[in-house]
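What follows is one structure encoded as structure tokens, with my remarks underneath.
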Amino acid sequence: MGHRNEKIRSLVMNAAAKFIARESNGQSLITVTDVRVSEKGDDAVVLVSVMPAETQEKALAFLQRKTQDFWKFLTGEMKTRRLPTLSFEIDQGEINRQKIEGLIDSTK
């Protein structure tokens, strides 16, 4: 990942965490785990984990509804000419890690 994309990744990740903390109602814990930025820097996917797991669908629907608001929030946080197109996804890697950790703990 180039320097520019790494900077975009970092800025989007920090801004997403601030935005979610400000906008969420606290019914679930939504954590930004990573941001994937396309090679050209024109698309960014914000990966999140949600606790409890039963609220993932509602949390993702909330984030998808708020994508435009987040983009507006990001314009105040990032001083670049072009902002990436944004989307939110559940971090499946984090879910798998938690399952593996649970299996390991259950064998002890």
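The values are calculated or read from the model by the stated rules, or taken from the named source; none is laboratory data. Being a predicted model, the structure only gives us computed values, none of them experimental. When we count neighbours, we look across all protein chains shown, and the Cβ atoms used for this are built from the backbone with ideal geometry, even at glycine.
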Residues of the range 26-43 that turn out to be within 15 Å of residue 66 (Cβ to Cβ) and touching a residue at least 24 places away in the same chain (Cβ under 8 Å), as a count
3
Report yes if residue 84 is loosely packed, with under 12 Cβ neighbours inside 10 Å and of a type outside the set (Asp, Glu), otherwise no.
no
Sole miss for residue 52 among (1) surrounded by 13 or more Cβ atoms within 10 Å (Cβ to Cβ); (2) more than 13 Å from residue 89 (Cα to Cα) is condition (1)
Single unsatisfied condition, residue 53 versus (1) modelled with pLDDT under 90; (2) in contact with a strand residue (DSSP E or B) (Cβ under 6 Å, 6 or more places away or on another chain); (3) not β-branched (Val, Ile, Thr):
(2)
I'm trying to understand the selection: among the residues of the range 33-49, which are out of contact with any Leu (no Cβ under 6 Å at 6 or more places or on another chain) and surrounded by 15 or more Cβ atoms within 10 Å (Cβ to Cβ)?
35, 36, 37, 41, 45, 46, 47, 48, 49
In the range 1-29, anything at pLDDT 90 or above, loosely packed, with under 15 Cβ neighbours inside 10 Å, of a type outside the set (D, E, K, R) and assigned to a helix (DSSP H, G or I) is listed as 10, 14, 21
Of the residues 70, 88, 62, only one is at pLDDT 95 or above, farther than 26 Å from residue 4 by Cα and not β-branched (Val, Ile, Thr); which?
62
Does residue 55 count as without any contact (Cβ under 8 Å) to a residue 24 or more places away in the chain and in contact with a Ser or Thr (Cβ under 9 Å, 6 or more places away or on another chain)?
no
By residue number, the members of the range 64-93 that are among the hydroxyl-bearing types (Ser, Thr, Tyr) and not in a helix (DSSP H, G or I) are 80, 85, 87
